[in-house]
Amino acid sequence: MCRTVIKNATIVNEGRIFISDLLIENERIGLIAADIAARTGDRVIDLEGNYLMPGIIDDQVHFRDPGFPGKATIESESRAAAAGGTTSFMDMPNTKPQTVTSELLDEKLRRASRDSLINYGFFLGATNTNIEEIKRLDPKKTAGVKVFMGSSTGNMLVDSPETLEQIFRYSPVIIATHCEDMGIIDGNTARIREKYGDNPPFSVHPEIRSAEACLKSSSLAVELAEKTGANLHIFHLSTRAETEMLRKISRGPLEDRKITAEVCMPHLTFTSDDYGKLGPLIKCNPAVKSSVDRDALFAGLNDGTISIIATDHAPHAAAEKEKPYFSCPSGIPMIQFTLPLLLDFYNEGKLSLETIARAAAHNPAIRYQLKDRGFIREGYYADLAAFSVKDITEPAESSLLSLCRWSPLTGRRIRGKVLMTLVNGNVVYENGRINGETRGRQLEFNR
């Protein structure tokens, strides 16, 4: 592979913003310096006036592969991810078949090595009966164990207290939880059915999947982690109450924390006020909630209480999302517009560029102990996103890359644009064009 020299980049990295050149050779960052001379044959990329940060590491996606080729594939969604500045993903286990054994985990790794344009890792799904599989996991090749403490597909709702405690006690890898209490949700559902029948408005979603349901389940997860010493990461916080709970226990360097949490793009992008216009398009679990909750999530990101930003990218067929409330599946495709939306938040004064790099790149690498990724450092893989904070991204149906071909963002003007995404030094996305010939690498974990 020829060398690439990036000139005049405004680099956002490790709490600093500075102008520098950068040399890429043999998939890695070879040099960061003020003035790097290009040789004959080098590719030169001049980013004068624009920015460069580590590529986004999205630790929560549903690429639906294998089993749902009408919704998504690893190939299609990795294309969308690259367009949104994402260079690595970690995929959830609720595929078909569900990823609940090491053999099925290995099969997904083989599939991704063939199909993914960006770097990849996978979670094993916990069930009430696969504790022995969890105990045998190889920490060096498994992102973590996903525990659905709320509703899920198939048999991945872990509702046995004894099994939950065993998982928390014996998992050799990080435990990532979906926290919603089903008892509360079932009670809320019964009340909504009594009031509206079988076709309520979508605005009831945060009433059914309420803040109370989230807090009760998240509190249980924290209690179990403190009891067992487990390495816990709570997925997609959606409430002020959960953020306040976490703030009391999330102190010190991230490397030293054993209980952490993240926020996902739907809960930063939308509020309950948007159900009237977008309805089924923003139905996701946990539910999008109030503006008060969203403000608390931004505050948690800014003060470090919430460590990571992810997408929970979850495409469904457009026809499915047109169904009435109780038949409409939960999930939103978000990954093509991750970095543009984050830049829009920057332009609104909600997040700094340094916080975006920290929560979307540095912290996922630290929390999951990724080898040589997540930072712009000499010797690290050249996973990079170049962007403009001034240019506008306007999602249109014709430009959507996710296989489902719909988005709640179409027609929106987003202040911020991805110019180029490099994965292991290769340009995968550039100004609207995808290089479909590249393939990512399996993520390595320093455990």
Quiz prompt | the stretch 422-447, subset of a type in the set (K, R) and part of a loop (DSSP other than H, G, I, E, B), residue least open to solvent (accessible area, probe 1.4 Å) | solution = R447
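Identify the residue in the stretch 13-48 that is part of a loop (DSSP other than H, G, I, E, B) and touching a residue at least 40 places away in the same chain (Cβ under 8 Å) and, among all such residues, is nearest to H316 (Cα to Cα).
Filtering first and then ranking leaves E27.
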Self-check item: Members of the stretch 308-348 that are assigned to a loop (DSSP other than H, G, I, E, B) and under 12 Å from P266 (Cβ atoms)
Solution: T311, D312, A314, S330, G331, P333, M334
Practice problem: Starting from residues that are open to solvent by less than 60 Å² (accessible area, probe 1.4 Å) and assigned to a loop (DSSP other than H, G, I, E, B), keep the ones in the stretch 49-69 and report whichever is farthest from L353 (Cα to Cα). | Solution: G67
Quiz item: Looking at (1) surrounded by fewer than 24 Cβ atoms within 10 Å (Cβ to Cβ); (2) farther than 30 Å from T10 by Cβ, can you tell me which one A38 breaks?
Solution: (2)
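Return yes or no: is Y196 closer than 25 Å to D344 by Cα and either modelled with pLDDT of 95 or more or not acidic (D, E) (or both)?
On the way: closer than 25 Å to D344 by Cα: no; either modelled with pLDDT of 95 or more or not acidic (D, E) (or both): yes.
So Y196 does not fit the description; no.
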Quiz item: Of these, L419, L351, which one is aliphatic (A, V, I, L, M), over 27 Å from P66 (Cα atoms), open to solvent by less than 50 Å² (accessible area, probe 1.4 Å) and assigned to a loop (DSSP other than H, G, I, E, B)?
Solution: L351
Quiz prompt | Among (1) among the small types (G, A, S); (2) crowded, with 19+ Cβ neighbours inside 10 Å; (3) in contact (Cβ under 8 Å) with a residue 40 or more places away in the chain - the single one G125 does not satisfy | solution = (3)
Quiz item: Can you find a residue in the stretch 98-105 that is open to solvent by less than 10 Å² (accessible area, probe 1.4 Å) and among the aliphatic types (A, V, I, L, M)?
Solution: yes
Quiz item: Given the residues T101, T127, which is the only one that is more than 30 Å from R439 (Cα to Cα) and in contact with a strand residue (DSSP E or B) (Cβ under 9 Å, 6 or more places away or on another chain)?
Solution: T127
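The values are calculated or read from the model by the stated rules, or taken from the named source; none is laboratory data. As the structure is a prediction and not an experimental result, all values here were calculated from the model. Backbone-built Cβ (ideal geometry, glycine too); neighbour counts: all protein chains shown. These area figures cover heavy atoms from the full protein model, side chains too; ligands, DNA and RNA do not enter into them. Shrake-Rupley method; radii C 1.70, N 1.55, O 1.52, S 1.80 Å.
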